[in-house]
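For reference, the structure discussed in these notes is given below.
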Amino acid sequence: MRPEDILLPTPAGICCKLGGFHIDPTRPVERALITHAHSDHARSGHGAVLATQETLDLMRLRYGENFAGATQAIRYGESVDLGGATVSFHPAGHVLGSAQIAVTADGLRVVASGDYKDAADPTCAPFELVACDVFITEATFALPVFRHGDADGEIAKLLASVALFPERAHLVGAYSLGKAQRVIALLRKAGYAAPIYLHGAMESISRYYAECGIALGELRAVRGTDKAALAGTITLCPPSALSDVWTRRFPDPLTAFASGWMRIRARARQYGVALPLVISDHADWPGLTATIAATGASEIWVTHGQEDALVHWCATRGLKARPLDIVGYGDEDETGGEAGNGAEQ
Ligand SMILES: [Zn+2]
Ligand SMILES: [Zn+2]
């Protein structure tokens, strides 16, 4: 059996003919396995969806009750037989509920990791290494320049700025699903106990995280809050809101943006961000390359992002590698680095 007999890249996404399913399909299909709830991976309109409970709940929150014909929840580590294949889900460390999907048939295992990071994150289960023959990796930050460093250090910069400008409102641009809640949790970890304000686009997802037991402390809606009362506070908002008239409701706002792209100074300038915070939910270059090596896979398939650099790196290591060229990923979160795409869609 060849890896392509297990998973085959198609225009609709990665397809498993043996098991009769697609992984993170970009078009409506009969049966979809979904790695995580970001909108470029999790779309509505599939016949049946198999995913973690958190991913199903987040899809329901965003798309409504009828986002799929049928749903089935699977736990991390649990195995399900689908046709001639066995699938299991494993933590990807990307956002709440995110999973790598391992597909095994005839002793050959292919792991589709979706989006992942190997860095610590208080809002989701840590990335679990799954040994495999073929590893499908993302490549959002797959250039040696991307080294995300220590997220706690970035949070310290934000808190130093808040201390330095007690009369100003700090607006932190962060993607609505995952990044916003991670920034809040990191602020709490750093000892910041004041209420944190939320743009409307983040309210329901943040509430869901809190229901799942993620300690986010007191959260308040910006909506209806007095301008003067927002002096000295921290507000999380989608990156697109940073350049919106929405910011006029804040006293002398100071803008920050939490993204792996903030490693690139030109990006921060492009968005007019005063305080770039390098905090990413994707693996950086050392993370990607270390993870690929650690899986033991002899063949690597690379998707959405800087495919060429990673394919080249694999070749220098004697690993067989190919770009997948699937159109449709990278519409949400940091993939593509578009500031406007973090807004609720
Ligand atoms: Zn994602
Ligand atoms: Zn992605």
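The values are calculated or read from the model by the stated rules, or taken from the named source; none is laboratory data. Just so you know, these numbers come straight off a predicted model, no measurement behind them. In this analysis, Cβ positions are derived from the backbone assuming ideal geometry, glycine residues included, and neighbour counts consider all displayed protein chains.
If Ser243 passes every condition in (1) surrounded by 17 or more Cβ atoms within 10 Å (Cβ to Cβ); (2) in contact (Cβ under 8 Å) with a residue 40 or more places away in the chain but one, which one does it miss?
Answer for Ser243: the failing condition is (1).
Given Val111, Val80, which one is outside any loop (DSSP other than H, G, I, E, B), more than 23 Å from Tyr208 (Cα to Cα) and within 16 Å of ligand 2 (Cβ to nearest atom)? Even if it seems obvious, please write down each step before you answer.
Working: Val80 fails: within 16 Å of ligand 2 (Cβ to nearest atom).
Of Val111, Val80, the one residue that is outside any loop (DSSP other than H, G, I, E, B), more than 23 Å from Tyr208 (Cα to Cα) and within 16 Å of ligand 2 (Cβ to nearest atom) is Val111.
With respect to the numbered conditions (1) within 16 Å of ligand 1 (Cβ to nearest atom); (2) at pLDDT 95 or above; (3) under 30 Å from Pro166 (Cα atoms), which one is the sole condition not fulfilled by His282?
It is condition (3) that His282 fails.
For the range 45-72, which positions are under 18 Å from the mean Cα position of the chain (by Cα), surrounded by fewer than 24 Cβ atoms within 10 Å (Cβ to Cβ) and hydroxyl-bearing (Ser, Thr, Tyr)?
The answer is Tyr63, and nothing else.
If I go through the range 21-31 residue by residue, how many of them are within 15 Å of ligand 2 (Cβ to nearest atom) and either at pLDDT 95 or above or over 17 Å from Gly328 (Cβ atoms) (or both)? First the steps, then the outcome.
Of all residues in the range 21-31, those within 15 Å of ligand 2 (Cβ to nearest atom) come to 23-26.
If we keep only those that are either at pLDDT 95 or above or over 17 Å from Gly328 (Cβ atoms) (or both) too, we end up with 23-25.
Within the range 21-31, residues that are within 15 Å of ligand 2 (Cβ to nearest atom) and either at pLDDT 95 or above or over 17 Å from Gly328 (Cβ atoms) (or both) number 3.
Could you tell me which residue of the range 83-101 is surrounded by the most Cβ atoms within 10 Å (Cβ to Cβ), considering only residues that are within 16 Å of ligand 1 (Cβ to nearest atom) and in a loop (DSSP other than H, G, I, E, B)?
That would be Ser98.
Taking Thr104 as the residue in question, decide whether it is outside any strand (DSSP E or B), away from ligand 2 (no atom under 16 Å from the Cβ) and modelled with pLDDT of 95 or more. Explain how you work it out, then say what you get.
Working: outside any strand (DSSP E or B): no; away from ligand 2 (no atom under 16 Å from the Cβ): yes; modelled with pLDDT of 95 or more: yes.
No: the conditions fail for Thr104.
Are there any helices (runs of 4 or more DSSP H) wholly within the range 114-232 with 1 or more residues that are at pLDDT 95 or above and over 22 Å from the mean Cα position of the chain (by Cα), and if so which? It would help to see each step written out before you state the result.
Working: elements: 151-164, 179-189, 203-211.
In the range 114-232, 151-164 are the helices (runs of 4 or more DSSP H) which contain 1 or more residues that are at pLDDT 95 or above and over 22 Å from the mean Cα position of the chain (by Cα).
Which residues, taken from the range 301-315, are within 16 Å of ligand 2 (Cβ to nearest atom) and part of a helix (DSSP H, G or I)?
Answer for the range 301-315, where residues must be within 16 Å of ligand 2 (Cβ to nearest atom) and part of a helix (DSSP H, G or I): Glu307, Leu310.
In this structure, is Thr86 in contact with a Ser or Thr (Cβ under 7 Å, 6 or more places away or on another chain), among the polar types (S, T, N, Q) and either under 24 Å from Asp281 (Cβ atoms) or at pLDDT 95 or above (or both)?
Working: in contact with a Ser or Thr (Cβ under 7 Å, 6 or more places away or on another chain): yes; among the polar types (S, T, N, Q): yes; either under 24 Å from Asp281 (Cβ atoms) or at pLDDT 95 or above (or both): yes.
Yes: the conditions hold for Thr86.
Which of the residues spanning the range 269-279 are under 17 Å from the mean Cα position of the chain (by Cα) and either more than 16 Å from ligand 1 (Cβ to nearest atom) or surrounded by fewer than 23 Cβ atoms within 10 Å (Cβ to Cβ) (or both)?
Here is the first cut: in the range 269-279, the ones under 17 Å from the mean Cα position of the chain (by Cα) are 277-279.
Scanning the range 269-279 gives Leu277, Val278.
Return yes or no: is Ala105 within 16 Å of ligand 1 (Cβ to nearest atom), over 23 Å from Gly153 (Cβ atoms) and hydrophobic (A, V, I, L, M, F, W, C)?
Here the answer is no, as Ala105 does not meet what is asked.
Check whether at least one residue in the range 77-95 is within 30 Å of Arg322 (Cα to Cα), in contact (Cβ under 8 Å) with a residue 40 or more places away in the chain, out of contact with any Cys (no Cβ under 7 Å at 6 or more places or on another chain) and among the charged types (D, E, K, R), and report yes or no.
No, the range 77-95 contains no residue that is within 30 Å of Arg322 (Cα to Cα), in contact (Cβ under 8 Å) with a residue 40 or more places away in the chain, out of contact with any Cys (no Cβ under 7 Å at 6 or more places or on another chain) and among the charged types (D, E, K, R).
Just to be sure I understand, how many residues within the range 153-187 are free of Cβ contacts under 8 Å to residues at least 60 places away in the same chain and not aliphatic (A, V, I, L, M)?
We begin by selecting, within the range 153-187, every residue free of Cβ contacts under 8 Å to residues at least 60 places away in the same chain; these are 153, 156, 159-160, 163-164, 180, 184, 187.
Restricting the remaining residues to those that are not aliphatic (A, V, I, L, M) gives 153.
Going through the range 153-187 one residue at a time, the tally reaches 1.
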